[in-house]
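K.L.:
Got a structure for you, written out below as structure tokens; questions coming shortly.
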Amino acid sequence: MEGRNIMIRKINNNDIASVQKFLLGQLEDLFSHDGQSAITDDVWGLAKLYIEPDRNQMWAAFSPEGTVIGTIAICEYNDRITILKGRYPRKTTAEIGRCYIEKTLRRQGIGSRLLEEVKAFAYEKEYEIIYLHTHRFLPGGFHFWEKQGFRIIVEEKGDAQIVHMEKPVVPK
């Protein structure tokens, strides 16, 4: 699939069912091993979390046929992660989440295109830093973020292999 035939746009209420289907498939594929289970609360509340709030958003990449083939989301960080308590001011810190690309289409620049949307949005909404966490076991995840200029701030040991990363928001 040629990258220029892929449409990337903010999701809307009409996209919810297809985005949920994509996300649940990705979560099943990536997190259903070795006792891992994915948290899906946000998947069931896409509109409330990513469409309605002014400072949150989700984008999807669509194939020429209209199938969701990638997603990325950004929201105001809520200081919920114990190991990071108090590190980030709420109003100036954004969190990236739900960045997944269809397995057969990875390493074709779709994730980078989605991230460009997030970075522009973060700048527009006056966020100063973007936080994310990933897992070392995810195929390509950690290396993608590292290549995009995110730096490790904390790495948790254990089965979940969680790596916390950040990057300052800069103008385009």
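The values are calculated or read from the model by the stated rules, or taken from the named source; none is laboratory data. All figures in this text were calculated on a predicted structure; none of them were measured in a lab. In this analysis, Cβ positions are derived from the backbone assuming ideal geometry, glycine residues included, and neighbour counts consider all displayed protein chains.
K.L.:
Quick check on the range 11-43: of everything there that is of a type in the set (S, T, N, Q) and at pLDDT 65 or above, which residue is surrounded by the fewest Cβ atoms within 10 Å (Cβ to Cβ)?
P.N.:
Selected residue: Asn14.
K.L.:
Based on this model, can you work out whether Phe142 counts as surrounded by 16 or more Cβ atoms within 10 Å (Cβ to Cβ) and at pLDDT 95 or above?
P.N.:
no
K.L.:
Starting from the range 111-128, take each residue that is in contact (Cβ under 8 Å) with a residue 24 or more places away in the chain and list its partners that are among the hydroxyl-bearing types (Ser, Thr, Tyr) and surrounded by 17 or more Cβ atoms within 10 Å (Cβ to Cβ), counting only C-beta distances under 8 angstrom and pairs at least six apart or across chains.
P.N.:
Correct list of pairs: Leu114/Thr71; Tyr127/Thr93; Glu128/Thr93.
One line per residue, one yes/no per condition, for (1) closer than 20 Å to Lys48 by Cα; (2) assigned to a loop (DSSP other than H, G, I, E, B):
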{"site": "Arg80", "(1), (2)": "yes, yes"}
{"site": "Ile83", "(1), (2)": "no, no"}
{"site": "Tyr88", "(1), (2)": "no, yes"}
{"site": "Gly97", "(1), (2)": "yes, no"}
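K.L.:
Does at least one position in the range 115-125 carry a residue that is in contact with a helix residue (DSSP H, G or I) (Cβ under 9 Å, 6 or more places away or on another chain) and buried (at least 17 other Cβ atoms within 10 Å of the Cβ)?
P.N.:
yes
K.L.:
Can you name the residue in the range 52-62 that is touching a residue at least 24 places away in the same chain (Cβ under 8 Å) and over 14 Å from Gly111 (Cα atoms) and, of all such residues, is surrounded by the most Cβ atoms within 10 Å (Cβ to Cβ)?
P.N.:
Among those residues, the one meeting the criterion is Gln57.
K.L.:
I would also like to ask the following. Report yes if some residue within the range 152-160 is in contact with a His (Cβ under 8 Å, 6 or more places away or on another chain), without any contact (Cβ under 8 Å) to a residue 12 or more places away in the chain, among the acidic types (Asp, Glu) and surrounded by fewer than 21 Cβ atoms within 10 Å (Cβ to Cβ); otherwise report no.
P.N.:
Yes, the range 152-160 has at least one match.
K.L.:
Residues Ile81, Ile130: which one is buried (at least 18 other Cβ atoms within 10 Å of the Cβ) and not polar (S, T, N, Q)?
P.N.:
Going through Ile81, Ile130 in turn, the sole match is Ile130.
K.L.:
Hey, another quick one. For Lys91, state whether it is at pLDDT 90 or above, farther than 13 Å from Tyr131 by Cβ and of a type in the set (Lys, Arg).
P.N.:
Taking the combined requirement at face value, the residue satisfies it.
K.L.:
Tell me, yes or no, whether the range 95-105 has at least one residue that is touching a helix residue (DSSP H, G or I) at 6+ places or on another chain (Cβ under 6 Å) and more than 20 Å from Leu27 (Cα to Cα).
P.N.:
no
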